[in-house]
Amino acid sequence: MGLSFDQKQNYRIEDLLRIMELLRGEGGCPWDREQTHQSIRNNLIEEAYEVVEAIDMESPEMLKEELGDLLLQVAFHSRMSEEAGHFRFDDVADGICKKLILRHPHIFGEVSVRDSEEVLDNWEEIKKREKGQKTATDAVKSVPRVFPALMRSQKVQKRAAKTGFDYPGIEMALKDLCEEFDELRQAIAAGDKPGSEEELGDLLFSVVNVARLIGIDAEESLVRSCDKFISRFEAVEGMARKRGLDLKLESIEAKNALWDEAKALQHNKNKVEGF
């Protein structure tokens, strides 16, 4: 026998919450009933990235669907917390509403701002007070460790820079980048694996510093480079197949020649398309 639920032509947020209650309740779905915050932790991450993909694809229909999937995760975690007696979905909504009101005193209070930059500065200061961050180190430490490493690095550097702890210009950052590269080469030459790991991390951190100082998002830059590599690799594989070549057996010189050819083709294509 089905559980009591009125099916409709269109549903609202209260219907989603009722569905989650039924799925998690007695006689509900065995899988949904077994889940915990930890067991569906990665689902939340995956759904957030799928929302980002929909944004990048500029697809309103896909974005609508993926936002729904992400909203499901919020409802799911809220339902489990309500069952444990911690908080309800309404408490989540209440919390974010109060946060938005508090962090927009130029809209809901008497504060005046000149531009978006001042809005962000106010936001950060209010956030520090909310979270009891008394020192710059507190603010730096508050960047979540679970962020993608490039994203975390850029946020850590940005918060440190707000205290004046930053390069005076790009040239010094580039100098440090070259020094870190040399230190990595030395560690590799010495066969020092722990040292190589440390120096590689320092090199990547220096790369992020350069990206930040020239106004580039390091995470997005690497995403684009991954896409470019895949596109060129596809072209190389296609050329090798047409010419009867086995990439596993070809010399590094032959592979580089194919790569340069694919690179030139891609460059010419981009020029024709106006990129």
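The values are calculated or read from the model by the stated rules, or taken from the named source; none is laboratory data. What you see is a predicted model; the values in this text were computed from it and never measured. Cβ placement follows ideal geometry from the backbone for every residue including glycine, while neighbour counts extend to all protein chains displayed. Note: areas computed on protein heavy atoms with side chains; ligands, DNA, RNA excluded. Shrake-Rupley method; radii C 1.70, N 1.55, O 1.52, S 1.80 Å.
Below, the figures for the structure above:
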quantity	calculated
Long pairs among LYS127/LYS155; LYS228/LYS263; LYS134/LYS155; LYS158/LYS193; LYS228/LYS255; LYS99/LYS127, criterion Cα-Cα beyond 21 Å	LYS158/LYS193
Binned Cα-Cα distance frequencies in region 111-204 - 10 Å width, integer %	14, 31, 32, 16, 6, 1
Quotient of C-alpha Rg and 2.2 N^0.38 Å, computed over region 1-89	1.18
FRET efficiency estimate (nearest 0.05) - Cβ-Cβ, HIS106 to ASP227, R0 41 angstrom	0.60
Whole-number percent relative contact order across the chain, with pairs defined as alpha carbons under 8 Å at least 6 apart	9
Dimensionless Rg over Rh [region 97-158; C-alpha; Kirkwood]	1.03
Highest-fluctuation residue, GLU66, GLU179, GLU219 considered, GNM on the chain with Cα pairs under 10 Å	GLU66
Highest-MSF residue in the chain out of GLY85, GLY195, GLY169 [GNM, Cα springs under 10 Å]	GLY85
Relative contact order (%) - region 166-244, alpha-carbon pairs under 8 angstrom, separation at least six	27
Protein accessible area in region 1-59, 1.4 Å probe - carbon and sulfur %	50
Kirkwood hydrodynamic radius of region 133-275, Cα pairs, Å	18.4
Å² of accessible area per residue within region 96-140, as computed with a 1.4 Å probe and no ligands counted	76
Simple spin-label estimate for LEU200 and LYS134 in nanometres, 7 Å along Cα-Cβ	4.0
Global geometry of the chain, whether rounded, prolate or oblate, following the gyration tensor of its Cα atoms and the 1.5 cut on a/c	oblate
Alpha carbon centroid spacing (whole Å) that separates region 126-150 from region 205-275	37
Heavy-atom accessible area per residue - region 190-239, 1.4 Å, Å²	64
Top of LEU100, LEU265, LEU177 by mean-square fluctuation, Gaussian network on the chain, Cα under 10 Å	LEU265
Carbon and sulfur %, accessible surface of region 152-275 computed with the full protein complex present, 1.4 Å	57
